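The values are calculated or read from the model by the stated rules, or taken from the named source; none is laboratory data. The model shown is predicted, which means the values in this text are computed figures rather than measured ones. Counting neighbours? That spans all protein chains shown, and the Cβs are built from the backbone with ideal geometry, glycine included.
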Amino acid sequence: MIHARPVSGRYRRLRLGANAILIGILLGIPWVRIGGEPLVLLDIPARQFHIAGLVIFPQELIYLWMILALLALSLFFFTALAGRLWCGWACPQTVFTDVFAIIGRFVQGWKGHRAPRKIAAWRVALTHVLWIAVSVVVGFHLVGYFVSPYELLPQLLAGETPPTRLGFLTVMATLSYLDFGFVKQTFCRTLCPYARFQGVLMDADSLVIGYDTKRGEPRGKKGRAEGDCVDCGLCVQVCPTGIDIRDGLQLECIACTQCVDACDGVMERLGRKRGLVDYRSLVSLEGRRPVEYLRPRVLAYGVLLLLTAGAFVVTLSQREPMGLHVAHNRDALSTRAADGRLGNAFTLRIENRARSERRFSIALEAEGPPFELVAGVNPVTIDATSAVESRVFVLAPPDTAPAEALREIAFVLSPVDAPDHRVVRRMRFLPGGASIVP
C-alpha cells in the first residue's frame, strides 16, 4: 500500500514545514473574507469571480486571463531558475500524497524506516477510514472555491444540501481519495502535462536533483571501489516515482529531494562529504563553469512577467466601478404602441462593481426626433458587487418617418451620487421591419 521508504534529513524537515503552510493556505483561502467579500470564489451561478477583493464579471474576463497569465509566467520563471520547484514543494498532488503516506505509516505501525512484516486488518481499515475523512475535508474545501463554505457547511449539517452541490462534493472527495491514496505519483509520471514541457523551460543552469558522477563512480562497497557511492540503493527506495537518480536527470524526477536526504545520511555515517546527490545545476555538478543566474531565458520570462503585471495594474486602475451592457430584445425588436408611437425593447444589464450599495440613473441621448425612455424603475438600486437586468422601451413619435427613426441612440448610466461619472453604450433604434445594425 505504501511503497516508498520514509526518510529524514534537512530537506525533509523543510518539506514538512512547507506542507503545513501550503495545506493551511489551500484550506484557509475559502474561509478568508476581505471587507465581507471572499478572497477567492468562482461563483458560476451568479457569473462572478471573486479574487482578492476584485469582482470579475463575465464581460471582464480579460482580468481573469491576465491573472492566469501571471501565474503561468511565474511558473515558467521559477522553473527556469529553480527547476521543478512547484512539483516537489508546492503541488497539491505531492503535498497530499505525502500526507496520506504519513497517516498510513503511523496507523500501520511502521518502526522508523521499516514497514511491519504483517499489517493487521483493523489497521488497514483504519487507514482507509482516515484517508476518506481527509478526502472529505479536501473535497469540501475544493467545493468551497465555488460555493462559500459559510453557506455550504450549515447546509451539510442540516441535511439540506442541494443535490448538485452534494454531488460535486462527493465527486471531489472520491477523486481525492483515489488520487492521493492509490494513483499517487503515477499521475506525475504519466498524466501531468507540466512534466512534459518542463524540459523546454529548463537549461543546464537550472537547479535540478543531480548525481555527481565524477565523485561517485566507480560505485561499490566501501574499500572495494574508488567512488563515494556505496551502491546502497537508498536513493531508489525513497524515491516516490521509483527512479534511480544515478542514471541522470529524468522526466519522472519531481525534485522532492528525498534521495538527497537519504544519500546525505549514508555519507555522514561513512564520514564522507555530503552532496553526492544534491540540489544543484548540471553545470555545477559537471564543474564546467560557474552558474549563470541572469541568463537570457530567465531574463525573458522575468521581463514578460513584469510587463504582464504592469499591464494588469494599469488596466485595473482604469476599470470603471460600474458596467452597462445593452442588447435588443429579440422577442420584440420593433413594435407599435397603442397611440401609434414606434417602440424598441432593450435589455440592460447594470453592474455595480463597487463594494457598497449604489443607486444608478439611466438616461437617453439621441439626435433628431424626441425619443422617450420608458423604464419600470429609474433610478435603480444595486447591491455591492452585484448586477441586475432591466427591460426598458425607447419610443419615437408616431409621425416619425422610418428613415428618420433609424438612427443611433445612447444609453447613459451614472451613479446618483456622482452624476459626472458616466458609462455610455450606443445602439441603433430600429423602425418597423428593420434588422439590427451592428
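Would you point out which residue out of 12, 105, 5, 47 is of a type in the set (Lys, Arg) and either more than 30 Å from residue 122 (Cα to Cα) or surrounded by fewer than 16 Cβ atoms within 10 Å (Cβ to Cβ) (or both)?
Exactly one residue qualifies, and that residue is 47.
In the stretch 365-382, which residue that is exposed (fewer than 12 other Cβ atoms within 10 Å of the Cβ) and not aliphatic (A, V, I, L, M) is modelled with the lowest pLDDT?
Top of the filtered list is 367.
All but one of (1) at pLDDT 90 or above; (2) assigned to a helix (DSSP H, G or I) hold for residue 81; state the number of the condition that does not hold.
(1)
Does residue 252 fit the bill of being in contact with a Ser or Thr (Cβ under 6 Å, 6 or more places away or on another chain) and either surrounded by 15 or more Cβ atoms within 10 Å (Cβ to Cβ) or not aliphatic (A, V, I, L, M) (or both)?
Values: in contact with a Ser or Thr (Cβ under 6 Å, 6 or more places away or on another chain): yes; either surrounded by 15 or more Cβ atoms within 10 Å (Cβ to Cβ) or not aliphatic (A, V, I, L, M) (or both): yes.
In short, yes.
If residue 346 satisfies all but one of (1) assigned to a strand (DSSP E or B); (2) closer than 28 Å to residue 71 by Cβ; (3) among the hydrophobic types (A, V, I, L, M, F, W, C), what's the number of the condition it fails?
The number of the failed condition is (2).
Filter the stretch 229-279 down to the residues that are assigned to a helix (DSSP H, G or I), touching a residue at least 60 places away in the same chain (Cβ under 8 Å) and either over 14 Å from residue 212 (Cβ atoms) or not assigned by TED's automatic domain parsing to the domain that holds residue 200 (or both) and list them by number.
234, 237, 258, 261, 262, 265
Out of 161, 174, report the one residue that is polar (S, T, N, Q) and either surrounded by fewer than 17 Cβ atoms within 10 Å (Cβ to Cβ) or in contact (Cβ under 8 Å) with a residue 24 or more places away in the chain (or both).
Within the list 161, 174, the selection yields 174.
Search the stretch 280-325 for residues being part of a helix (DSSP H, G or I) and closer than 30 Å to residue 215 by Cβ, and hand back the single one that is farthest from the chain's Cα centre (by Cα). Walk me through how you get there before you give the answer.
Start the filter on the stretch 280-325 by keeping residues that are part of a helix (DSSP H, G or I), which leaves 282-286, 296-317.
Those left that are additionally closer than 30 Å to residue 215 by Cβ: 282-286, 297-298.
Details: 282: 31, 283: 34, 284: 34, 285: 35, 286: 37, 297: 25, 298: 23 Å.
Of everything passing the filter in the stretch 280-325, 286 is farthest from the chain's Cα centre (by Cα).
Applying the selection to the stretch 313-323, what residues are among the hydrophobic types (A, V, I, L, M, F, W, C), surrounded by fewer than 17 Cβ atoms within 10 Å (Cβ to Cβ) and in contact (Cβ under 8 Å) with a residue 40 or more places away in the chain?
316
Could you look through the stretch 324-358, keep only residues that are farther than 23 Å from residue 371 by Cα and of a type outside the set (Ser, Thr, Tyr), and pick out the one that is surrounded by the fewest Cβ atoms within 10 Å (Cβ to Cβ)? Talk me through it step by step, then tell me what you get.
Pass one, the stretch 324-358, residues farther than 23 Å from residue 371 by Cα: 351-358.
This time we only want the ones that are of a type outside the set (Ser, Thr, Tyr), so: 351-355, 357-358.
On the way: 351: 25, 352: 24, 353: 21, 354: 15, 355: 15, 357: 11, 358: 21.
Result: 357.
Looking at the stretch 128-150, I want the residues that are within 27 Å of residue 47 (Cβ to Cβ) and have a partner that is assigned to a helix (DSSP H, G or I) and charged (D, E, K, R) with Cβ atoms under 9 Å, at least 6 apart or on another chain. Which pairs are those?
143/165; 146/165; 147/165
Sort out which residues of the stretch 151-180 are farther than 22 Å from residue 130 by Cα, of a type in the set (Asp, Glu) and in a helix (DSSP H, G or I), and write them in order of number.
151
Which numbered condition in (1) at pLDDT 90 or above; (2) within 30 Å of residue 418 (Cβ to Cβ) is the only one that residue 319 fails?
Exception for residue 319: condition (1).
Across the stretch 1-44, which residue is farthest from residue 355 (Cα to Cα) among those that are basic (Lys, Arg) and outside any loop (DSSP other than H, G, I, E, B)?
Taking the stretch 1-44 as the starting set, the residues that turn out to be basic (Lys, Arg) are 5, 10, 12-13, 15, 33.
From what's left, outside any loop (DSSP other than H, G, I, E, B): 10, 12-13, 15, 33.
Values: 10: 46, 12: 44, 13: 43, 15: 39, 33: 13 Å.
Selected residue: 10.
Take residue 49 and tell me if it is in contact (Cβ under 8 Å) with a residue 60 or more places away in the chain, of a type in the set (Phe, Trp, Tyr), in the same structural domain as residue 123 (by TED's automatic domain parsing) and not in a loop (DSSP other than H, G, I, E, B).
Against the criterion (in contact (Cβ under 8 Å) with a residue 60 or more places away in the chain, of a type in the set (Phe, Trp, Tyr), in the same structural domain as residue 123 (by TED's automatic domain parsing) and not in a loop (DSSP other than H, G, I, E, B)), residue 49 does not qualify.
Only one of 390, 361 is within 41 Å of the chain's Cα centre (by Cα), more than 22 Å from residue 60 (Cβ to Cβ) and part of a strand (DSSP E or B). Can you tell me which?
361
Residue by residue, here is whether (1) under 26 Å from residue 43 (Cβ atoms); (2) touching a residue at least 60 places away in the same chain (Cβ under 8 Å) holds:
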| position | (1), (2) |
| --- | --- |
| 307 | no, no |
| 311 | yes, yes |
| 330 | no, no |
| 333 | no, yes |
| 342 | no, yes |
| 345 | no, no |
| 361 | no, no |
| 365 | no, no |
